[in-house]
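This report refers to the structure that appears directly beneath it.
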Amino acid sequence: MRKLAFAAICVMMSACCSGIKYDEAANILDADSLKAHVSASQLARIEDGKLSGSHVIVIQNGKEVLNECYGLKGVECGQPLKGDEVYRIASMTKPVTALALLIEHDRGHLDINDDLSKYLPEFADMYVVKRDSTGAVVKDENGKPVCGEKAVNPIKLYQLVSHTSGVGEVDLDAESMARCTLDSAVAYLATRPLNFDPSTAQAYSTGAFDLAARVIEMTSGMEFEAYLKKNIFDKLGMTNTTFEPSEDQWARMVAMQGRNEEGKNYDVQKKAGCVFESFPAAYHAAGAALASTAPDYAKFAQMFLDGGKSADGKKVISEESLALYSTPVVDDTVMPGIIKWGLGVRVVTGEGYVLPEGAFGWSGAYGTHFWIDPVNNIIAVHMKNSAYDGGAGSQTGNEFEVDVMRSFVPSAEPAEAK
């Protein structure tokens, strides 16, 4: 959508959601049924070798209904999960960055409808990548994308966290990546053509979140991780969420599960000191590089059902600004179907999906998954680290959604008329 359309939605949602309070859900989860369903699925995946270990948490009406660990911390160590393990959450970093951007919007330090160039002038005159008659990107003799026509639309801040900016990825050679920082990533993206004219299409982008992080640094005067720690992690008690794990946190990091062609599981040897792929820990990649725990991320998710506050009442963000988070910013012409992009999350916008309309959440490339269900007042978190079953289509994530949604207490049958 164009700026005016999204701005109108923002006003409408702020008005109708101001002062929102989530009542206790009419549909109540049955704890025994939930544990039985989730356990059966998780243990079945462990049995068939498609899962080495996981930690799941489900909370309804602010009360923990399920908190269970299954399997091992790693294939080689053979230690059972205890519940304090640290996971590479990959793209579940994105919802955190989107929240930070909205906090700055809430404080009046920026407007999410602002042009990116207001803060980063180097993104004022962008070009769109050249494509051939088949739609393939045209590249030069060095394999770099060739610039086509100048972009018509400016990049808006909200587009950075909704995959509608056209910004691509930080695609550096190994030597350059080893030295990469947030600043150098931003500088690199400024030299690359856009994948499409902003707002005219949608395409998944991790790099765009780095631009949002840099804007947050500029408007707040704080380094990005320090900003997250002060304004989100400390307030919510997320003591194990970081770009740069401590020695203790590294010791609690779960192994990345791999699976060879013969179906044998093994621990993938990750590059030392790197949370996400080969990104150095000093590169606080705003779309991919956080590490966290299941209890920490549950606190983050619960904040959305608690009106933008922590469990002990600390304000993180106003309810009005928080409502923008799950407001779809694309229409059917850009993204057909009932799943639409909000700000840092996917939003269910109609019937036909396992989660109800209004639910929203995200997944990570290594298999982490979470969602928030305002209809039933539920938050659910699934943590695992897998090199081959991750992202939005992971088997364990999909099964987890089904298991939760089939675990409600059966509705009472109406009494027969006498």
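Things worth noting here:
- For the stretch 206-239, taking the residues that are crowded, with 18+ Cβ neighbours inside 10 Å and acidic (Asp, Glu), the one that is farthest from the chain's Cα centre (by Cα) is identified as Glu217.
- Options Gly49, Gly53, Gly71; residue that is farther than 20 Å from Leu305 by Cα, at pLDDT below 95 and not aliphatic (A, V, I, L, M): Gly49
- Single residue of Lys340, Lys314, Lys384 found to be among the basic types (Lys, Arg) and touching a Gly at 6+ places or on another chain (Cβ under 6 Å): Lys384
- Against the list (1) farther than 21 Å from Thr242 by Cβ; (2) at pLDDT 95 or above; (3) not aromatic (Phe, Trp, Tyr), the condition Ala288 fails is (1).
- Test: residue in the stretch 102-123 that is part of a loop (DSSP other than H, G, I, E, B), buried (at least 16 other Cβ atoms within 10 Å of the Cβ), at pLDDT 95 or above and in contact with a Gly (Cβ under 9 Å, 6 or more places away or on another chain): no
- Within the stretch 305-350, the set of residues being under 21 Å from Leu160 (Cα atoms) and in a helix (DSSP H, G or I) comprises Glu320, Ser321, Leu322, Ala323, Leu324, Tyr325.
- Flag for Lys63 being at pLDDT 95 or above and touching an Asp or Glu at 6+ places or on another chain (Cβ under 8 Å): no
- Contact map, the stretch 258-279: residues that are free of Cβ contacts under 8 Å to residues at least 60 places away in the same chain paired with residues that are part of a loop (DSSP other than H, G, I, E, B) and small (Gly, Ala, Ser), Cβ distance under 8 Å, separation 6+ or inter-chain. Pairs shown: Lys271/Ser278; Gly273/Ala281; Cys274/Ala281; Glu277/Ala288.
- Matching residues in the stretch 317-335 - criterion: being among the acidic types (Asp, Glu) and in contact (Cβ under 8 Å) with a residue 12 or more places away in the chain: Glu319, Glu320, Asp331
- Test: residue in the stretch 374-386 that is assigned to a strand (DSSP E or B) and hydroxyl-bearing (Ser, Thr, Tyr): yes
- Some residue of the stretch 283-297 being buried (at least 17 other Cβ atoms within 10 Å of the Cβ), of a type outside the set (S, T, N, Q), farther than 20 Å from Ser363 by Cα and touching a residue at least 12 places away in the same chain (Cβ under 8 Å): yes
- All conditions but one from (1) hydroxyl-bearing (Ser, Thr, Tyr); (2) over 21 Å from the mean Cα position of the chain (by Cα); (3) modelled with pLDDT of 95 or more apply to Thr164; the one that does not is (2).
- For the stretch 170-185, the set of residues classified as in contact (Cβ under 8 Å) with a residue 60 or more places away in the chain and either closer than 21 Å to Gly148 by Cα or acidic (Asp, Glu) (or both) consists of Val170 only.
The values are calculated or read from the model by the stated rules, or taken from the named source; none is laboratory data. Note that the coordinates shown come from a computational prediction; the quantities given were computed from them, not determined experimentally. Here Cβ is always computed from backbone atoms with ideal geometry, including for glycine, and neighbour counts include all displayed protein chains.
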